[in-house]
Every structure is written in structure tokens, then in C-alpha cells.
1. Counting only heavy atoms of protein chains, what accessible area per residue, in Å², does the chain have with a probe of 1.4 Å?
2. Do you know the relative contact order of the range 1-92, to the nearest whole percent, from alpha carbon pairs under 8 angstrom that are 6+ apart?
3. Can you list, largest first and rounded to whole Å, the semi-axes you get for the range 52-114 by taking the square root of 5 times each eigenvalue of its Cα gyration tensor?
4. State the extension gain, in nm to one decimal, for the chain segment bounded by D25 and I157, taking 0.36 nm per residue of separation less the distance between their alpha-carbons.
5. Hey, how many Å between the Cα centroid of the range 86-141 and the Cα centroid of the range 67-83?
6. Compute log10 of I(q)/I(0) for the chain with the Debye formula, placing one identical point scatterer on every Cα and leaving out solvent, at q = 0.09, 0.13, 0.15, 0.18 Å⁻¹, to two decimals.
7. Defining a contact as two alpha carbons under 8 Å apart and six or more residues distant in sequence, what relative contact order in percent does the chain show?
8. Restricting attention to the alpha-carbon atoms of the range 1-95, what are Rg (one decimal) and Dmax (integer), both in Å?
Amino acid sequence: ITCAADENDGGNYQLNGESFETTSDQDLYFGTKLAINDADQTDIIIGLAVTDTTLLGGLADGIYFESVDGAATISTVTEASSSETQNDSAGTFVDDTEIELEFYYDGTAGNVEFYIDGSLVNTHTTTIPATQMRVSIHFLTGEAVANTCTIDWIRCIQIGR
């Protein structure tokens, strides 16, 4: 994804169809491997969310990783009905360096476990959305430079469906 060279230019992308959900008898996995060229001069949300035209503007339901302009820190977020649980500083983006971001919803326990580069960084037990979601990415530049996000892969698996 390459942004135009103006503050807050970028893209809001969502997979067609809300195909994934957190239900009590099914497990759910999301993962991606990506790199950002200027980690502290970009905004990103990546994960699962309900249909929304401006994810960074305040979505209502989702499970995702987030980093905002001015910092390279990564937050883990679960959000249900516009109420969120957010853990800041779960990890850090490094310029032009690939990173793996993954989460797993345990349908039996009802928890979301967040992983960065294979290490468990947070577990959320509240504000787990109970609605159908889609793979979602919102990436913006935070300066008048055409910043980029290079995505190597994204995968999302619903088990038990």
C-alpha cells in the first residue's frame, strides 16, 4: 500500500463479506506479516472489523492491532458496541522490518490472545465482539511523504464452521 504524499492520505480496505465471528464453540485465527517504511509517521489498523468506511475514525466492533502517527508502538484492541479494551505498547514497529501480528480467539474460554513475532503479548477477556466481521486494513501516512506498508501475507481461519 503506497499513500499519496499528503497528511492522512492512504486507504481503507475490507474483504468482501463479513465472514468471521466469535462464537462459543468455534476457534478463530488471524495473522499477517508486514513491514512499514516509516513506523512513527503512519497510522494503521489491521485485523477483523465490522463494515466501516473509516476504520481509524472509530469503528464499533473489531479485534485488531493499531499504531497511530507519532509513535511506533503497537496496541492490541478488542472492541464491542464502541466500548474497547486496549493494551498499549504491546510491541514496536521498526522501519522497513517485517513483523508478524497474530491473534487467536478461543471459542471455549472466550478469550483473545494476541501474539507479536510468535510471543504472547496480551490476553483480552472483555469487549469481545459478538458479530460478524471481515478482514480489515486502514493505513494512512502521517506526513507529506508517500509512506508504504508492504504486506507479505494475511490469513484468517474460522475453525468449527
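The values are calculated or read from the model by the stated rules, or taken from the named source; none is laboratory data. All values derive from a computational prediction rather than experimental measurement. Cβ placement follows ideal geometry from the backbone for every residue including glycine, while neighbour counts extend to all protein chains displayed. All accessible areas refer to the heavy atoms of the entire protein, side chains included, with ligands and DNA or RNA removed. Shrake-Rupley method; radii C 1.70, N 1.55, O 1.52, S 1.80 Å.
1. Details: 6960 Å² over 161 residues.
Averaged over the residues of the chain, the accessible area is 43 Å².
2. Numbers: 133 pairs, mean separation 17.2, N = 92.
After rounding, I find 19 percent.
3. Numbers: eigenvalues 88, 56, 19 Å².
Calculated on Cα positions only, the semi-axes equal 21, 17, 10 Å.
4. 46.1 nm
5. So the separation of the two Cα centres works out to 9 Å.
6. Here the Debye-derived log intensity ratios amount to -0.26, -0.54, -0.73, -1.06.
7. After rounding, I find 41 percent.
8. For the range 1-95, the Cα-based Rg and Dmax read 13.9, 46 Å.
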